[in-house]
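Let me begin by presenting the structure, written as structure tokens, before commenting on it.
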Amino acid sequence: MGKLIYLDNAATTKTSPSVVEAMLPYFSEYYGNASGIYSIGVKSREAVSKSREVIASTLGAKPEEIYFTAGGSESDNWALKATAEALREKGNHIITTKIEHHAILHTCEYLQKQGFAVTYINVDENGLVKTEELEQAIRPETILISVMFANNEIGTIQPIREIGAIAKKHGILFHTDAVQAYGQKPIRVDDLNIAMLSASAHKLNGPKGVGFLYIRRDVRIRSFIHGGAQERKRRAGTENVPGIAGFGQAAAEAAETMEKRAAYETRLRNELIDRILKEIPYSRLNGHRTRRLPNNANFSFQFVEGESLLIMLDMEGICASSGSACTSGSLDPSHVLLALGLPDEIAHGSLRLTLSAETTGEEIATTVETIKRIVARLRSMSPQYEDFCRRRSS
Ligand SMILES: *Cc1c(COP(=O)(O)O)cnc(C)c1O
């Protein structure tokens, strides 16, 4: 087998060599606890502070508004559960959308069992949140609006500014799961009236198992992990110093390369989309044509099982996915594609390809040719397709 073609960067990314480099000293040399008063502890503490400053500056935030966590899922859980608990006196209603990541959706289901009411807003056929519906859903007891910045399956970028303005007008906290968008899109939290924002290092060439939750200074939120006094007593536990150092490096690099990378990935991504739609009949693009993450393409091929397509791509050394990593392995159609209004059989046949700055034009060309061949082969074995062709020609 030749070189792998990795097109699953929405699931996770390769840790860049410079990030690994930035992490190494904190394993072997400056391994001291960041709470220690001796010099190797001071070095650890400095690394944590530096990353906090770098990350804060990428958002136009203050360092003391950044709380390190163990990843996007923890940040999402914290934002929702701790807000719900802290504002329980004020109200019990939360608004979110039907296309959130499971870290949000399953947390909302948990909160419903605890007596909270949750409204799940619909999206249009391109995956854009219906903002009028969102505003109409607001009740006197609404305490939180949580809408993802960009969707992990279809890449659609939400009207975050508009949603932030609605939240502000009604005096409701606004949380956004920006795990896909952070490092890909410029974000200024104050401009957008974001009160809380989740991000995760491994989606931007950083290490796995480290994330942050931005919490605006005026938001009173409960601590999530109880224990020591780390993270301003709000998130206990010895700091993941190497991970945090790596996250800082990854965030700095992502900010620095963002514009060029987005232009490069958008060009390749458009080439991929244009060729697939033109060269493969009965294919469709899922998500908005232009309001999508620069590196995301998501297709459905009528009469083709997504799982079979993925397995055959894997045999040809192409790593792709059918949606989120958490749903592959289960045979349920994607909740995101169902929310777009796609019928079950099309929602089953989806393929997500997510590029990186390392993806080449040649890889895209190989991928298109391979998908063409596999789709044709799978269709040739499909009784439904045969039926469809027979009916069409008669
Ligand atoms: C990956 C992802 C998460 C989960 O982040 P982890 O760091 O893997 O826990 C949450 N939300 C979105 C939108 C994601 O893409």
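What follows draws every value from the coordinates through simple rules; no lab data is involved. Since the model is a prediction, treat every value here as computed from it, not as a measurement. Glycine also receives a Cβ, built like all others from the backbone with ideal geometry; neighbour counts cover every protein chain displayed.
Extension gain, residue 191-residue 274: 0.36 nm per intervening residue step, less the Cα-Cα distance, totals 26.5 nm.
Considering the zone a paramagnetic label at residue 314 would reach in this model (a point 7 Å from Cα along the Cα-to-Cβ line), which residues of segment 1-44 have amide N under 16 Å from it? Output list for this probe position: 4-9, 11-12. Rounded to the nearest 20, the size of the Cβ-charge dipole of segment 83-171 about its Cα centre is 300 debye, with Lys and Arg at +1 and Asp and Glu at -1. Beyond 19 Å in Cα-Cα separation lie the following of the pairs 14/208; 185/278; 14/203; 203/278; 278/372: 185/278; 203/278.
Each residue of segment 364-370 was assigned a 3J(HN,Hα) from its phi angle through the Karplus expression (A = 6.51, B = -1.76, C = 1.60, θ = phi - 60°), giving 5, 4, 4, 4, 4, 4, 5 Hz with x at Gly and Pro.
Once the C-beta distance of residue 20 and residue 259 is scaled by a Förster radius of 30 Å, the resulting FRET efficiency is 0.75 to the nearest 0.05.
Note on the chain: dipole from Cβ charges, positive end direction compared against 25, 335, 91; the farthest Cα belongs to 91. Once C-alpha pairs closer than 8 Å and six or more residues apart are averaged by separation and normalised to the residue number of segment 35-192, the relative contact order reads 23 percent. Residues 68, 388, 247 in ascending order of nearby Cβ atoms (within 10 Å, fewest first): 388, 68, 247. Here residue 165 and residue 307 are evaluated by their C-beta separation; at R0 = 41 Å the FRET efficiency comes out at 0.50. Rg ratio for segment 190-250: its Cα radius of gyration over 2.2 N^0.38 Å, N being its residue count, equals 1.22.
Residue by residue, segment 344-361 carries 3J(HN,Hα) couplings of 2, 5, 7, 4, 6, x, 9, 9, 9, 10, 10, 8, 10, 5, 8, 5, 10, x Hz when phi is fed to the Karplus relation 6.51 cos²θ - 1.76 cosθ + 1.60 (θ = phi - 60°); x denotes Gly or Pro. Pairwise alpha-carbon distances in segment 257-357 exceed 17 Å for 52% of all pairs.
Charge tally around residue 53: other residues with Cβ under 13 Å, Lys/Arg +1 each, Asp/Glu -1 each, net +1.
Give, as a single signed number, the net charge of other residues whose beta carbon lies under 11 Å from the beta carbon of residue 202, with Lys and Arg counted +1 and Asp and Glu -1. Neighbour charge sum, excluding residue 202 itself: +3. The charge dipole of the chain, taken about its Cα centre with unit charges on the Cβ of Lys, Arg, Asp and Glu (plus for the first two, minus for the last two), comes to roughly 580 debye.
Over all orientations, segment 137-191 has a Cα convex hull whose mean projected area works out to 4.1 square nanometres. Rounded to the nearest 500, the 222 nm mean residue ellipticity of the chain from helices alone is -13000 deg cm²/dmol, with -39,500 (n - 2.57) taken per DSSP H run of at least 4 residues.
Each of 365, 347, 182 was scored by the projection of its Cα onto the charge dipole of the chain, and the greatest displacement toward the positive side belongs to 182; charges sit on the C-beta of Lys, Arg, Asp and Glu. 3J(HN,Hα) along segment 24-39, derived from phi through the Karplus expression 6.51 cos²θ - 1.76 cosθ + 1.60 where θ = phi - 60°, amounts to 3, x, 7, 8, 9, 10, 9, 8, x, 5, 5, 8, x, 9, 6, 5 Hz, with x in place of Gly and Pro. For segment 98-252, the Kirkwood hydrodynamic radius from C-alpha pairs, put into Stokes-Einstein at 25 °C and a viscosity of 0.890 mPa s, yields a diffusion coefficient of 147 µm² per second.
Taking every alpha-carbon pair under 8 Å whose residues sit at least 6 apart, the chain reaches a relative contact order of 22 percent. Residues whose amide H lies under 5 Å from that of residue 144, counting only those 5 or more places away or on a different chain, are 95; hydrogens are built 1.01 Å from N in the peptide plane. Taken over segment 50-163, the convex hull of the Cα atoms encloses 120 Å³ per residue.
May I ask which residue of 219, 245, 164 lies farthest towards the positive end of the charge dipole of segment 160-313, with charges of +1 (Lys, Arg) and -1 (Asp, Glu) on Cβ and the Cα centre as origin? Of the listed residues, the answer is 219. A full extension of the chain between residue 29 and residue 53 corresponds to an added length of 6.4 nm, given 0.36 nm per residue minus the alpha carbon distance. Please state the relative contact order of segment 68-157 as a whole percent: Cα pairs under 8 Å, 6+ residues apart? Dividing the mean separation by the residue count of segment 68-157 yields 35 percent.
Mind checking the log10 I(q)/I(0) for the chain at q = 0.08, 0.15 Å⁻¹? Debye, one equal scatterer per Cα, no solvent, two decimals. Result of the Debye calculation: -0.44, -1.33. Modelled spin-label separation between residue 120 and residue 139, with each label point placed 7 Å from Cα along the Cα-to-Cβ direction: 1.7 nm. Mind pulling up the Rg/Rh value for segment 1-73? Radius of gyration and Kirkwood radius, both on Cα. Rounded to two decimals, Rg/Rh equals 1.09.
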